[in-house]
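The values are calculated or read from the model by the stated rules, or taken from the named source; none is laboratory data. Computed from a prediction, not measured in an experiment: that's the story for all the values here. We place every Cβ from the backbone using ideal geometry, glycine too, and count neighbours over all the protein chains shown. The accessibility values were calculated without ligands, DNA or RNA, using every heavy atom of the protein model including side chains. Shrake-Rupley method; radii C 1.70, N 1.55, O 1.52, S 1.80 Å.
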Amino acid sequence: MTMEKEYIPEVVELKWQKIWEDTNLFSVNVNRQKKKYYLLEMFPYPSGNIHMGHVRNYAIGDVVARYKRMQGYNVLHPMGWDAFGMPAENAAIANNVHPAKWTYKNIDSMRSQLKRLGFSYDWGREVTTCKPEYYRWEQLLFVKMFEKGMAYRKKAFVNWCNQCQTVLANEQVEAGRCWRCGGEVVQKELDQWFFRITDYADDLLDYCNRLPGWPDKVVTMQKNWIGKSVGAEIYFPLENGNGHIPVFTTRHDTVFGATFMCMAPEHPLVMKLAAGTDREEEVKAFVERMKRQDKIKRTSEDYEKEGVFVGAYCINPLTKRRMPIFTANFALMEYGTGAVMAVPAHDQRDFEFARKYGLDIIVVIQPEGETLNPQDMTRAYTGEGIMVRSAPFNGMKNVEALDAIAAYLEEKKLGRRKVNFRLRDWGISRQRYWGTPIPIIYCDNCGVVPVPEKDLPVVLPEDAEMLEGGRSPLPALDDFVKTRCPRCGSSSARRETDTMDTFVESSWYFERYCSPHYDEGMFDPEAVGYWMPVDQYIGGIEHAILHLLYARYFTRVLKEFGFLNYKEPFTRLLTQGMVRRETVKCPDHGFLYPEEAILKDGDRLCKYCGSHVEIGRTEKMSKSKKNVVDPNALIEKYGADTLRLFSLFAAPPEKDLDWSDQGVEGASRFLKRVWRLVRDNLDRLDGVKPYDGGEELGRDLRQLHRKIHQTIKRVTSDIETRFHFNTAISAVMELVNSVQAMRESAFTDRLGRSVLKLALESIVLLLSPIVPHVAEELWAALGHSKSVLDVPWPKYSKDAIEEDTILIVAQVNGKVRSRFYVASDADDETIKETALADERIVARISDRPIRKVIVVHKKLVNIVV
RNA sequence: GCCUGGGUGGCGGAAUAGGUAGACGCAAGGGACUUAAAAUCCCUUGGAGCUUGUCUCCGUGCGGGUUCGAUUCCCGCCCCAGGCACCA
């Protein structure tokens, strides 16, 4: 048994990475004899370099993958690239590189970084979403969805910069202006493609309660996002007799108090009603102004309610009251029908609006024991009460009237019961270049025609040049746009030039991993049948709603087509917290990298101009904020194992991690200490068998042996049940400390050495999923030839962890006053007697009478006086 | 603004079913080894007090409450973060 004297991470890590690669250690196949375990981490967008968020995410995943493998599972652990997206286009504009070239280059460098970190991926399954061999199947599915009516076209608004003549993403709009040119951003209506996710709203909601392996907070967020509300749709006839306005409400008990109508500024009826009246100009100006406003702000509770009268009236179908129609900032086109029946007495927004514009307020629900008077009200009354001015429902409790009124509306054909969801259909059209082309052809004769299966894929032309301002080059590419209609053969047909939302690719990549080279469809049913669903999915909390909901929806669509037979793709979910760091900003030079701020006399100054820098908010690490840490530099200095160890030790995975540079040093120190511990004992452990529990041990060795087994138990449950690697690591640190604290003479005889060997082997095995390279090296040094990955995970013995004595805490009136040991089999009565006889306790009680004694089994005694 | 989390020493965190607050690590201070430094090892380290003790009091964002006992449960605030549908 020999090993290098010094621990040089780079040497050890490169050596083992080569061995793993040469022996194909991580490649797996369907094996029906073995239990499968599918461990998946969210695949990265290839932005250029791996960042700390990735390191954290993938380190967590790798521990679980390696741990499960040691437990005998056939572990699928793949990696790939979410390769379409906006940053590639931005980079193209900024640096004049083609998005494809930029993306592939990034993939190459990120792949080698991941390899350098020693993650146990089966690289033979790598998936890259911007390749036709991937997105062709997505296009095929789109066509199938189109044919079934699951994909459809409708008008929707986009952010539009007039100056750049481009559609902007929400993040490209800064305070209502274009991030590139600073020009004003307006809402423009375009034809767009949608997926009918709302068809599955109820099912997605139901199954939220059948995801026991998901964090409660994520389930709650999803439920709230879907936002089911049970209510009624009521038809308000227009005064001019041209139809009616349908309104969704959950408070149809208040319909008798509806005195005016509010419509979203985007509502098509608004301009129609105003047309030709003296209101037209004013309404138009208001609508235009609203289209420029931030929707979140516009509808927030404390924002000033405003609106204008559109010059028309509708009729309250129950009271026959003439109701003026307004368009108002707080009404949203996306929710319900885009129109709100305003009941100022019982809705706060309506109340504020009515007060502002002097509109009638009619109380129709009276709280018990109180009489509301519209003149005296300072705010709306939204609580329960008794119905008034609502014949024939007067005297009923409002909660009971809900059902009665719904029935009445249906009977009189004035409305109907309705369930409304906050969830809207998924808009997938992007007016961008770098994405999956939507496989649709527009023909003057045949209309909207899907590209036939045999003509797929519609390949994204990779020779296109990006245009100024970020406009997509596709509409101007005649070779791409001009095509023949597959139905009538007309040569004047045009291709759809919008591409798909990149969330589409990430909604099925986990299925593709099961058979990444399958060329007869999206995936091989056989492989998916074995591997799916994902047993453990791990990714950032920022994906808690959209990505996860879309993936759940897509799985349902695939099931509907009969491609698979489960509804939920992810059995267990772990959402890791963000890696954050403070931002540093110079008044003249903007955001600075931490090293660009120089520390001087306790102040931090800008490297370039010497001004005092401003320490900004602590935020999610991002390149644009320059608050990133480069993992490369850390790997170079400390090695991959130290970086992995530290990122797992710094905080439990679900918690946000505020980065600090200190601390990495400690992780490195610990690995060096373990290295020395093994190295310095190698000679005397040569040929020694680890202690197997057969022989009686002396006190000290028995204690160490107990600690070994307690550590195995602790580490196993920390990994298995909670993913709390930080406490698992501290437990191993404690064991290392215990071994080092032993008297040297304890390990001189054969028995002592066998316990020492057990201790060292346990330390190495327990650490191996976390720091695999150094573990392999030490394991080999201890005389083993197999990879640690194929060694069974250690098991603890119940007998070995039994303590001889236990510590009891003695309290008087809930305050700790003494501690003592008792035999571990002592009963409550003995513990109580011992406490009452304890001199410190006796002194505390003095002559006060004892009122009560509480004994918590094997833990604590509390004496109340 | 809405939805969802979080707040514990100088710092990261621990306390798994309401029962010893601060495990483990970092940083800091002191000491050993060394010609010296690095590395390593040992000790101290939540705050305050004086009577220096197996001492007393305070202390888990703030204010209340439940309980023999609250970091943990309940109510009301404050602050921070994530998401809010075209960042991924």
Task: Selection status of A:GLU4, assigned to a loop (DSSP other than H, G, I, E, B) and closer than 23 Å to A:LEU766 by Cα - done: yes
Task: Only one of A:THR642, A:THR618 that is under 30 Å from A:PRO587 (Cα atoms) and of a type in the set (S, T, N, Q) - done: A:THR618
TODO: Hey, can you tell me all the residues within the stretch A:161-214 that are away from RNA strand B (no atom under 11 Å from the Cβ) and assigned to a helix (DSSP H, G or I)?
DONE: A:ASP199, A:TYR200, A:ASP202, A:ASP203, A:LEU204, A:LEU205, A:ASP206, A:TYR207, A:CYS208
TODO: State whether one or more residues within the stretch A:17-38 are touching a residue at least 40 places away in the same chain (Cβ under 8 Å), surrounded by 16 or more Cβ atoms within 10 Å (Cβ to Cβ), closer than 17 Å to A:ARG644 by Cα and more than 19 Å from the chain's Cα centre (by Cα).
DONE: yes
Task: Filter pass, A:ARG289 being basic (Lys, Arg), modelled with pLDDT under 90 and away from RNA strand B (no atom under 16 Å from the Cβ) - done: yes
Task: Residue in the stretch A:714-726 that is touching a helix residue (DSSP H, G or I) at 6+ places or on another chain (Cβ under 6 Å) and among the charged types (D, E, K, R) present - done: yes
Task: Selection from the stretch A:499-527 of residues that are within 16 Å of RNA strand B (Cβ to nearest atom), in a loop (DSSP other than H, G, I, E, B) and within 15 Å of A:PRO569 (Cβ to Cβ) - done: A:PHE503, A:VAL504, A:TRP508
TODO: Would you tally the residues in the stretch A:764-814 being modelled with pLDDT under 95 and within 14 Å of A:GLY118 (Cα to Cα)?
DONE: 0
Open item on the list: Among the residues of the stretch A:734-748, are any more than 21 Å from A:LEU701 (Cβ to Cβ) and assigned to a helix (DSSP H, G or I)?
Closed with: no
Open item on the list: So A:VAL75 passes all but one of these: (1) open to solvent by 10 Å² or more (accessible area, probe 1.4 Å); (2) in a helix (DSSP H, G or I). Which condition number does it fail?
Closed with: (2)
Task: Number of positions in the stretch A:447-473 that are free of Cβ contacts under 8 Å to residues at least 12 places away in the same chain and of a type in the set (A, V, I, L, M, F, W, C) - done: 1
- [ ] Taking only the stretch A:112-125 into account, find how many residues are touching a residue at least 12 places away in the same chain (Cβ under 8 Å) and either in a helix (DSSP H, G or I) or not assigned by TED's automatic domain parsing to the domain that holds A:MET522 (or both).
- [x] 7
Task: Top-ranked residue in the stretch A:222-237 [being open to solvent by 10 Å² or more (accessible area, probe 1.4 Å) and assigned to a helix (DSSP H, G or I); ranked as nearest to RNA strand B (Cβ to nearest atom)] - done: A:ASN224
Task: Among the candidates A:GLN139, A:GLN165, residue that is of a type outside the set (D, E, K, R) and buried (at least 19 other Cβ atoms within 10 Å of the Cβ) - done: A:GLN139
TODO: Return only the number of the condition from (1) open to solvent by 70 Å² or more (accessible area, probe 1.4 Å); (2) closer than 30 Å to A:LEU704 by Cα that A:SER846 does not satisfy.
DONE: (2)
Open item on the list: Looking for something more than 21 Å from A:ALA728 (Cβ to Cβ), within 13 Å of RNA strand B (Cβ to nearest atom) and open to solvent by 40 Å² or more (accessible area, probe 1.4 Å) - is there at least one such residue anywhere in the stretch A:827-836?
Closed with: yes
Task: strands (runs of 3 or more DSSP E) wholly inside the stretch A:303-350 that include at least 1 residues being open to solvent by less than 10 Å² (accessible area, probe 1.4 Å) and closer than 25 Å to A:PHE421 by Cα - done: A:322-328, A:339-342
Open item on the list: Being surrounded by fewer than 21 Cβ atoms within 10 Å (Cβ to Cβ) and touching a residue at least 40 places away in the same chain (Cβ under 8 Å) is the requirement here; does A:ALA544 meet it?
Closed with: no
- [ ] Specify which of the listed residues (A:ASP403, A:ASP360) is open to solvent by 70 Å² or more (accessible area, probe 1.4 Å) and in contact (Cβ under 8 Å) with a residue 60 or more places away in the chain.
- [x] A:ASP360
- [ ] Could you tell me whether A:TRP102 is without any contact (Cβ under 8 Å) to a residue 60 or more places away in the chain, assigned to a helix (DSSP H, G or I) and surrounded by 20 or more Cβ atoms within 10 Å (Cβ to Cβ)?
- [x] yes
Open item on the list: Being over 30 Å from the mean Cα position of the chain (by Cα) and either open to solvent by less than 60 Å² (accessible area, probe 1.4 Å) or not assigned by TED's automatic domain parsing to the domain that holds A:PHE725 (or both): is that true of A:ASP641 here?
Closed with: no
Open item on the list: Please go through (1) open to solvent by less than 80 Å² (accessible area, probe 1.4 Å); (2) hydrophobic (A, V, I, L, M, F, W, C); (3) touching a residue at least 60 places away in the same chain (Cβ under 8 Å) for A:VAL219 and return the number of the only condition it doesn't satisfy.
Closed with: (3)
Task: Every residue from the stretch A:693-730 that is open to solvent by less than 10 Å² (accessible area, probe 1.4 Å), within 15 Å of RNA strand B (Cβ to nearest atom) and either aliphatic (A, V, I, L, M) or not in a helix (DSSP H, G or I) (or both) - done: A:ILE712, A:VAL715, A:ILE719, A:ALA728, A:ILE729
Open item on the list: Need a quick list: helices (runs of 4 or more DSSP H) entirely within the stretch A:238-300 having at least 3 residues that are among the aliphatic types (A, V, I, L, M) and assigned by TED's automatic domain parsing to the domain that holds A:TYR408.
Closed with: A:268-274, A:280-291
Task: Test for A:GLY243: is it at positive phi and within 15 Å of RNA strand B (Cβ to nearest atom) - done: no
Open item on the list: So in the stretch A:749-791, with the set limited to residues that are outside any helix (DSSP H, G or I) and hydroxyl-bearing (Ser, Thr, Tyr), which one is most open to solvent (accessible area, probe 1.4 Å)?
Closed with: A:SER785
Open item on the list: Looking for something open to solvent by 40 Å² or more (accessible area, probe 1.4 Å), closer than 20 Å to A:ASN74 by Cα and part of a helix (DSSP H, G or I) - is there at least one such residue anywhere in the stretch A:552-570?
Closed with: no
Task: Count of residues meeting criterion [away from RNA strand B (no atom under 15 Å from the Cβ) and either farther than 27 Å from A:THR642 by Cα or open to solvent by 20 Å² or more (accessible area, probe 1.4 Å) (or both)] in the stretch A:671-692 - done: 9
